[in-house]
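The values are calculated or read from the model by the stated rules, or taken from the named source; none is laboratory data. Bear in mind the structure is a predicted one, so any value in this text is a computation, not a measurement. Backbone-built Cβ (ideal geometry, glycine too); neighbour counts: all protein chains shown. Ligands, DNA and RNA are excluded from the accessible area calculation, which covers all protein heavy atoms including side chains. Shrake-Rupley method; radii C 1.70, N 1.55, O 1.52, S 1.80 Å.
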Amino acid sequence: MMRPGCVLVFCMCISVFLHCAISQPPTETDTYTECTDGYHWDPQTQHCKDINECETIPEACKGEMKCFNHYGGYLCLPRSASVIPAPEPPKPIHPSLENTASEPFNPCPPGFEPQGDSCVDVDECEQDSHDCQPSQQCFNTEGSFSCQCPDGYRKVGTECIDIDECRYRYCQHRCVNVPGSFSCQCEPGFQLAGNNRSCIDVDECGMGAPCSQRCYNTYGTFLCRCEQGYELGPDGFACNDIDECSYSSYLCQYQCVNEHGKFSCVCPEGYQLLGTRLCQDINECETGAHQCSDGQTCVNIHGGHKCVNNRSCQEPYVQVSDRCTCPITKPGCRDLPYSVVHRYMSITSERSVPSDIFQIQATSVLPGAYNTFHIRSGDDNGDFYIRQINNISAMLVLARAVNGPREYVLDLEMVSVNPLVSYHTRSVLRLTIYVGPHAF
């Protein structure tokens with residue numbers, strides 16, 4: 001049988017041994033320097049520190065994306081996006097410094113507080129006892145609260161990131177993203193419709209477009225046009241008069257006069273417009289616009305008129321009806337033509353040649369007579385010639401182009417011969433030709 005005293009001593013020995021073994025200091029210090037992905041060990045603070053991948057990774061985000069550093073990683077967001085960072089979390093209070101004061105007993109469920117004999121909801125948003133980020137909005141709920149992002153933002157982790165509404169083609173033309181919202185803009189020539197998204201055409205013509213004459217509204221713009229006789233200037237707005245007369249010399253027969261937006265043709269004195277471009281001689285003898293006396297005859301010519309005496313016979317000729325005759329009984333008439341008839345005509349300048357201008361016709365022919373025609377006088381330059389048609393007629397032909405104003409007096413002689421009865425006589429047609437100053 002063992003004695004009790006020995007048992008006590010043995011127990012004490014074991015107790016001392018265990019105390020010594022437990023209180024013995026460790027032989028080396030334990031150090032923990034490994035961090036999770038996205039963090040690295042900071043030897044100064046002896047904590048894991050977030051890695052800023054936007055600085056350490058070359059071209060972390062491609063294209064139009066912008067790099068935003070995030071706890072333990074990074075985000076690639078559109079350049080128009082904005083990030084409202086969350087504040088640093090409060091440093092934990094060391095357990096040894098915690099308030100050991102006991103809180104009052106709350107018999108109500110979480111999110112409620114006693115009020116009299118009932119429990120009422122705690123408005124954590126009003127009491128600022130919520131943990132919503134500064135970029136978030138706090139909404140009180142029954143017994144709790146919720147953290148939501150404002151309109152135009154979406155929640156990514158604990159942050160509220162701006163939504164780029166322009167990616168969803170809300171606008172018809174151009175979209176401009178702004179933090180939390182967007183705005184639509186229209187191309188020139190359009191304006192925003194009532195829905196602030198669609199673009200409608202602007203009627204520039206009704207809003208005072210700078211067209212000097214005509215304005216035509218088109219989709220998104222407008223066009224300026226000019227009246228007839230004007231052309232659009234280099235600025236596309238002003239209308240300048242067209243000098244039609246400078247484009248061609250054939251617009252008017254005589255002279256072109258430029259006017260604002262048009263042109264007009266004028267004729268020289270003695271002519272009048274035929275239509276709008278041609279000139280026509282004024283017959284002053286028919287209109288009565290002459291000053292010929294009663295003893296004169298009005299002869300119309302191109303561009304004017306002439307007054308000739310009715311009795312123009314010179315000795316030894318005498319007036320018989322419309323002609324001058326030289327009686328054979330007078331000694332001075334033997335070598336002169338028996339009769340002289342006066343005629344008048346007018347031709348234009350630059351007339352094409354050869355040109356038939358006057359026909360000579362015998363008024364009386366004796367039986368068996370043979371008639372010949374020739375130019376007796378007045379054609380010193382050979383501008384005319386006679387073409388005999390038959391025994392009783394011939395044609396005066398213009399052989400050369402002539403320019404006026406000019407006057408010819410031609411004696412056209414007809415010689416009649418009858419050898420059977422020894423008959424020989426001569427008659428003269430004294431033709432006065434007036435050449436007008438123009439080719440019309």
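Considering (1) out of contact with any Leu (no Cβ under 6 Å at 6 or more places or on another chain); (2) open to solvent by 40 Å² or more (accessible area, probe 1.4 Å); (3) modelled with pLDDT of 95 or more, say which one ASN310 fails and leave the rest. The single condition ASN310 does not satisfy is (3). SER339 falls short of the stated requirement of being touching an Asp or Glu at 6+ places or on another chain (Cβ under 9 Å) and surrounded by 14 or more Cβ atoms within 10 Å (Cβ to Cβ). Given the criteria in contact (Cβ under 8 Å) with a residue 60 or more places away in the chain and not in a loop (DSSP other than H, G, I, E, B), does ARG167 qualify? Yes, satisfied.
Looking at CYS279, CYS265, CYS245, CYS256, just one residue is open to solvent by less than 90 Å² (accessible area, probe 1.4 Å), modelled with pLDDT of 95 or more and touching a Lys or Arg at 6+ places or on another chain (Cβ under 8 Å), and that residue is CYS265.
Pairs linking a residue in region 187-210 that is under 9 Å from GLN172 (Cβ atoms) to a residue that is of a type in the set (Phe, Trp, Tyr) and open to solvent by 60 Å² or more (accessible area, probe 1.4 Å), with Cβ atoms under 8 Å and 6 or more positions apart or on different chains, are ARG197/TYR170. Among the conditions (1) touching a strand residue (DSSP E or B) at 6+ places or on another chain (Cβ under 6 Å); (2) open to solvent by 60 Å² or more (accessible area, probe 1.4 Å); (3) under 30 Å from GLN280 (Cα atoms); (4) not small (Gly, Ala, Ser), the only one that ARG214 does not satisfy is (3).
Counting only residues that are without any contact (Cβ under 8 Å) to a residue 24 or more places away in the chain, open to solvent by 40 Å² or more (accessible area, probe 1.4 Å) and under 11 Å from the mean Cα position of the chain (by Cα), region 223-242 holds 5 of them.
Looking at CYS175, is it outside any helix (DSSP H, G or I) and open to solvent by less than 20 Å² (accessible area, probe 1.4 Å)? Taking the combined requirement at face value, the residue does not satisfy it.
Does VAL415 qualify as being touching a Lys or Arg at 6+ places or on another chain (Cβ under 9 Å), of a type in the set (Val, Ile, Thr) and open to solvent by less than 90 Å² (accessible area, probe 1.4 Å)?
yes
Within the set ILE328, ILE347, ILE375, the sole residue that is out of contact with any Asp or Glu (no Cβ under 9 Å at 6 or more places or on another chain), surrounded by 15 or more Cβ atoms within 10 Å (Cβ to Cβ) and of a type in the set (A, V, I, L, M) turns out to be ILE347.
So, in region 97-122, of the ones that are in a loop (DSSP other than H, G, I, E, B) and small (Gly, Ala, Ser), which residue ends up modelled with the lowest pLDDT?
Per the stated criteria, the residue is ALA101.
Rundown of residues vs (1) small (Gly, Ala, Ser); (2) at pLDDT below 95; (3) more than 60 Å from the chain's Cα centre (by Cα), yes/no style:
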residue: GLY332; (1), (2), (3): yes, yes, yes
residue: THR348; (1), (2), (3): no, no, no
residue: VAL365; (1), (2), (3): no, yes, yes
residue: ASP383; (1), (2), (3): no, no, yes
residue: ASN391; (1), (2), (3): no, yes, yes
residue: ARG400; (1), (2), (3): no, no, no
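Here TYR408, TYR434 are screened, and the one residue that is without any contact (Cβ under 8 Å) to a residue 40 or more places away in the chain, buried (at least 16 other Cβ atoms within 10 Å of the Cβ), part of a strand (DSSP E or B) and not β-branched (Val, Ile, Thr) is TYR408.
The residue pairs whose first member lies in region 132-143 and is of a type in the set (Gly, Ala, Ser), whose second member is in a loop (DSSP other than H, G, I, E, B), and whose beta carbons are closer than 6 Å, counting only pairs six or more residues apart or on different chains, are SER135/ILE84; GLY143/GLY111.
Those strands (runs of 3 or more DSSP E) of region 280-374 in which 3 or more residues are in contact with a strand residue (DSSP E or B) (Cβ under 7 Å, 6 or more places away or on another chain) occupy 296-301, 304-309, 323-325, 339-347, 355-361. Remark: pairs (first residue in region 103-116, within 17 Å of SER129 (Cβ to Cβ); second residue at pLDDT 85 or above and among the aliphatic types (A, V, I, L, M); Cβ separation under 6 Å; 6+ apart in sequence or on different chains) = GLY111/VAL122; GLU113/VAL122. Taking the conditions (1) at negative phi; (2) in contact with a strand residue (DSSP E or B) (Cβ under 9 Å, 6 or more places away or on another chain); (3) open to solvent by less than 70 Å² (accessible area, probe 1.4 Å) in turn, ALA439 satisfies each one other than (2).
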